[in-house]
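Report on the following structure.
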Amino acid sequence: MSVIIQESQKVFLLQTKSNSYAFGIDDQGLVRHLYWGNRIDAVEDFEMPVLTEVSTNDPVFEITREEFPVYGSLRYKEHCLKVTFADSTREVVYDYVNYEVNKQEHYDELIINLKDRHYDLLIQLHYKVYESYDLMERFVVLQNSSGETIEVEKLHSGQFHIPYTGMNFTNVHGHWGAEQQRFVQKISYGKIVIENRRGISSHNHNPYFIIDRDATETSGDVYFGALRMSGNFSGVVEQTQYGETLVQMGLNSHDFKLDLKSGESFTSPAIICGYSSNGFGQMSHNLHSFANDFILRKGLRPVLYNSWEATGFEVTCTEQMKLARKAKEIGAELFVVDDGWFAERHGIDNGLGDWYVNEHKFPNGLEELVSEVKSLGLMFGIWVEPEMVNPKAKLYAEHPDWIYHFDTRESDTSRGQYVLDLTKDEVKQYIYNMLDNLLSDYDIDYIKWDANRPISQTNTQRDIWYRHIEAVYDIVKELKKKHPNVLFEACASGGGRIDYGILGIFDDFWTSDNTDAYDRLFIQDTYSYIYPIKAMRAWVTDCPNFLSNRIIPMKFRYHSAMMGTLGIGCNILKFTEEETALSKEMIEQYKEIREIVQEGDIYRLENSSSNDYFIYEYKKGEEGLIFVFLPQGKIGHSSVTVRLRGLSENTDYILKLEDREIKKSGGFLMNHGFDVCLTGDYASTVIKFKNA
Ligand code: GLA
């Protein structure tokens, strides 16, 4: 039983395997937070503290730990909800109505119903408890039965109270080609705000919070939450004057207003949240298992070849067919034609919006390439950027009003393109039809859906920052009903759309346009904190790398990409015999280990040496892998002691090192460890192990 209710005290205790989350309703009807942390079974021990103000300048509402603070009364703290009623009243005053418990196969859901005292606005606080995953999902539903429109100006999906100060906040910073750069910041007084205002991208920050008390991979308190949305989000972290740390996350109120008409309801994006007393590793495992079991499509992901870095916009059928044959030879399973196959697409300034096959590039139609790919036994994938239109495109000439624009202003181009207004039904329908036709006309298994610019000049509606991405979700959900086997990759100039909103609707993330194998180690490490490995596309590309100009041996490039879902983006027609042979060997090896990589637990292992080793363990069932990288040896003594994690103390394991096999107990491997010595620049190895 994961929802325990103590009726007399009106206390709700949400129990997961190791954790408890408690709140209650006080005698004034306020929903007050009581506890979040290690599991406590004695529900009767929770009591509602009596509230007294600190002073007239520290009013009761400021001190009260509220689950869902609303705007109004003597509240000056961050609120989760602010509305304006039809008569201009700008304050919510709610009463507690009742609760509901809804038992499902995989979770129990508690719903707290609150109602405004004067207006017919229902506020439902939802808590879905996934007991065995040590996770919850929180979201809010607003329902307007007032007879008049209610303007929602701010809606965060929930407030969290962390009962400590002096904590650390982790998120990412970055930009195109440099996504997922982790930063850790000490939380002190004042507020930390992370947000996205661009409508489509989150290269800069990501919609999650990780708050820890000097935790490590294996120890310490970690509180975390990830928002299930890709549009404009905001998150606020604040250490209060009253000895705790607050976190909120939800829709960004920047340039936002939602008109909730009478009879309508609105569901906020959910926050998947949890607590780990065993450091960051446990946090990642809980989130990854949840994503694998409930969010991601089942099955292993194919090894992909993508022609973008090889051909750019200069796509020709003949060359694509040659690439497909070579891709097959080295062991790829899916062939993806990237940008440049359609309309007058010879560079960034034309073609988007005109989704017909370019006759010069494909004189016998696209079918010629598709049949060749299929006859090779490969899956076929294709790139699209459906939300966009170039000013030169026919689509724009026919429908100049289909883009986001203000009538009296010139619309901005970015990468030579405008953004289509997906909140218009006819635009949404056009995109759906275009993709439905493409998927119906050709035997397509994979769509790479790109979005290469932020939104601007957003028309009069201030909810587009949210509704645009909802339209993208709707289109893909509809397409999947009709074409259930097609996999969708979410790309936005690389990793601009990595979040739990799009995950599950889409199946793969294009992690970054930065394909440098060394840079990727950092990107992938940070990605793995929150997001599942199965959705992390990683390509091996040519050297010198187009972005970093670095030359890295092919083996290291493969090993780095084999930590995710492997793809190849090289000009494989230029491969030497050795490169072909090595590629075949590596792809073969990847197929043997991919189940462990894509579905196992990842452990970011400690580097105990003074050299810059990167060490990762993946483990599924009785088998495991250890990736060891040494980008550059900098001191004479270059071995590292690798200590594994997640093994059984008393089970024996066999490890296949490059030159020998060793058999050791789990206890030995986790505590004493074993030495690996790599030498030279960009050295790497993969060590397999299994139960003896
Ligand atoms: C974006 C993507 C790339 C590629 C190009 C094509 O930059 O991130 O992978 O598809 O667009 O124009």
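Computed from the coordinates by the stated procedures, all read-outs in this text should not be read as laboratory data. Note that the coordinates shown come from a computational prediction; the quantities given were computed from them, not determined experimentally. Positions of Cβ are backbone-derived with ideal geometry, glycine not excepted, and every protein chain shown enters the neighbour counts.
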Quick one: how many residues across region 269-296 are out of contact with any Lys or Arg (no Cβ under 9 Å at 6 or more places or on another chain) and either assigned to a loop (DSSP other than H, G, I, E, B) or of a type in the set (Lys, Arg) (or both)? 1
Criterion: over 22 Å from the mean Cα position of the chain (by Cα) and either of a type in the set (Gly, Ala, Ser) or within 25 Å of TYR21 (Cα to Cα) (or both) - qualifying residue of GLY177, GLY190: GLY190
Could you please let me know if ALA561 is touching a residue at least 60 places away in the same chain (Cβ under 8 Å) and either within 16 Å of the ligand (Cβ to nearest atom) or surrounded by fewer than 17 Cβ atoms within 10 Å (Cβ to Cβ) (or both)? no
Quick check on region 402-428: of everything there that is outside any loop (DSSP other than H, G, I, E, B) and under 27 Å from the mean Cα position of the chain (by Cα), which residue is nearest to the ligand (Cβ to nearest atom)? GLN417
Cβ-Cβ under 7 Å, sequence separation 6+ or interchain: first residue in region 490-513 and farther than 14 Å from TYR446 by Cβ and without any contact (Cβ under 8 Å) to a residue 12 or more places away in the chain, partner within 16 Å of the ligand (Cβ to nearest atom) and in a strand (DSSP E or B). Which pairs? none
Need the failing condition index for HIS346 against (1) within 15 Å of the ligand (Cβ to nearest atom); (2) touching a helix residue (DSSP H, G or I) at 6+ places or on another chain (Cβ under 7 Å); (3) outside any strand (DSSP E or B), just the number. (2)
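Buried (at least 20 other Cβ atoms within 10 Å of the Cβ), within 10 Å of the ligand (Cβ to nearest atom) and not hydroxyl-bearing (Ser, Thr, Tyr): which single residue out of VAL336, VAL315 fits that description? Please lay out each step first, then the result.
Working: VAL315 fails: within 10 Å of the ligand (Cβ to nearest atom).
The unique qualifying residue is VAL336.
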If a residue has to be assigned to a loop (DSSP other than H, G, I, E, B) and among the β-branched types (Val, Ile, Thr) to count, how many in region 191-234 make the cut? 3
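Pick out, from region 438-552, the strands (runs of 3 or more DSSP E) lying fully within it that include 1 or more residues that are among the acidic types (Asp, Glu), more than 26 Å from HIS254 (Cα to Cα) and within 16 Å of the ligand (Cβ to nearest atom). Write out each step before concluding.
Working: elements: 446-449, 487-490, 508-510, 536-540.
Fully inside region 438-552 and qualifying: 487-490, 508-510.
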When ILE382 is evaluated against the numbered criteria (1) in a strand (DSSP E or B); (2) away from the ligand (no atom under 16 Å from the Cβ); (3) not small (Gly, Ala, Ser), which criterion, by number, is the only one it fails? (2)
So, in region 23-57, exactly how many residues are touching a helix residue (DSSP H, G or I) at 6+ places or on another chain (Cβ under 8 Å) and closer than 25 Å to GLY225 by Cβ? 0
Taking ILE112 as the residue in question, decide whether it is touching a His at 6+ places or on another chain (Cβ under 9 Å), buried (at least 20 other Cβ atoms within 10 Å of the Cβ) and not basic (Lys, Arg). yes
